[in-house]
Each structure stands twice: as C-alpha cells, then as structure tokens.
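Everything on this sheet refers to the single structure shown next.
Read-outs: derived from the displayed coordinates by stated rules, not from any lab. Because the structure is predicted, anything quoted here is derived from the model rather than measured. Reconstructed Cβ throughout: ideal geometry from the backbone, glycine too, with neighbour counts over all protein chains shown.
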Amino acid sequence: MSTFNKLLDNSIMAIGAPKAGRNGLFQRIFWSEFKEFNEKIFPDFVNKEISVDNNNVKINIWRWQGSEKMYNQPHHMRRYHKNTIVVLVVFDLNNPESLKQVYVLLTEAQQTEHKYKYILVGNKSDLEKQYSNDDIEAFKNAWDINVYFEVSAKNNNNIQELFQQAAREVVKINQQKENIILEQQQQNESLLLKPKSKGFCC
C-alpha cells in the first residue's frame with residue numbers, strides 16, 4: 001500500500017447547521033466512539049490518514065463552528081478556505097429547518113474565489129426522517145451537488161464510507177491538477193526545444 005503524499009491541496013471542510021451533529025461524525029472517524037460532546041471544546045482542526053483504493057491519503061479536516069453566533073457571522077468561514085477542495089455539507093435529517101440553515105453557508109462559500117467539491121451529508125438517520133427524497137434531490141440540484149450520504153454518527157452507519165469518498169475526491173481532484181501542471185510543463189519544454197526558423201538573406 002502506497003501513501004499519496006504529493007497533494008497540492010489536502011483539506012476537507014465540514015460545514016453545517018447548528019446541532020447537525022458534526023461533532024459526532026468527528027468522534028466516529030477519529031476515535032471510533034460516540035458520546036455527547038461539548039461543541040465549544042471540540043478542536044476546529046484535525047488530521048487523519050485514510051485508506052482509499054490502496055493509498056493512504058493524509059488529509060486535514062476543518063470543522064467550521066456551528067454555534068448560533070458563528071452561524072450569524074458566516075464571513076468567519078473564510079479563514080478555513082485555504083487548501084480546502086472538498087466540503088461536507090451536514091444537515092439534520094430529523095430537523096425540517098436544517099437544510100434552510102445550511103443555505104447561508106453555501107451562499108458564503110460560493111461567493112469566494114474557491115471552487116469546491118460538495119458532498120451533502122444527512123446526519124441522524126437513526127431518527128425519524130423529516131425530509132422526502134424529492135426535498136433532498138431538489139436541494140442537490142439547486143446547488144449542483146451529485147454526492148449524497150445518509151449517515152448516523154450514533155449508530156456508526158456510513159461514516160467510514162463518507163470519509164473514504166471524501167478522501168477519494170481529494171485524490172481525484174489533485175491528480176487532475178497535477179496532470180494539468182504536467183501538460184503545461186511539457187508544452188513549455190516543447191516550445192524551448194522547437195528549432196528556430198532560419199532567416200533568409202536577399
């Protein structure tokens with residue numbers, strides 16, 4: 001198994017509505033446990049090595065604060081943008097207002113110069129679902145999101161699969177970037193090696 005350690009960018013950012021359960025997702029992926037956790041003392045940044053398709057992918061994961069104070073000041077999210085290429089958009093399947101709450105966060109993200117790969121995450125699938133499939137599909141289409149996971153941090157359902165897919169997207173996007181850089185380098189080298197045309201004397 002090789003380690004994919006030449007990433008141009010290797011950060012994943014988790015954003016979401018207040019009380020959408022991102023702490024639980026982090027506990028599961030990093031400590032394989034689930035406990036009630038105080039939002040204020042959970043770290044905003046962690047790093048993790050995830051095994052994906054015979055590669056150990058080293059990624060950084062940012063947790064954008066979901067408190068009401070931070071939620072009402074979305075410009076604070078900009079400090080997490082550097083090197084982020086995948087964004088987990090987390091909402092609460094049991095809260096009918098949760099998708100509306102992440103709307104402002106997505107609006108803020110799209111106002112930056114950064115381009116992200118979004119993954120929509122419906123958390124708390126162990127509880128009664130307050131959204132129809134049509135509701136979720138409409139939200140995905142509105143934001144051009146084509147990857148969606150329903151997970152339960154409490155029951156540890158689909159957590160590993162979610163982060164593996166996120167890491168897979170990191171690898172894919174960085175490989176595309178490296179291919180573009182390599183192609184540009186080859187074009188530049190080709191121009192340097194191209195023989196100069198000889199002038200003609202009358």
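For residue 118, the amide hydrogen comes within under 5 Å of the amide hydrogens of 87, counting only partners 5 or more places away or on other chains and with H modelled in the peptide plane. Note on residue 54 and residue 155: with the Förster distance fixed at 35 Å, the Cβ-Cβ geometry gives a FRET efficiency of about 0.80. Couplings 3J(HN,Hα) for the range 116-125, derived from phi with the Karplus relation 6.51 cos²θ - 1.76 cosθ + 1.60 (θ = phi - 60°), are 10, 9, 9, 10, 7, 10, x, 8, 6, 5 Hz, where x marks Gly and Pro.
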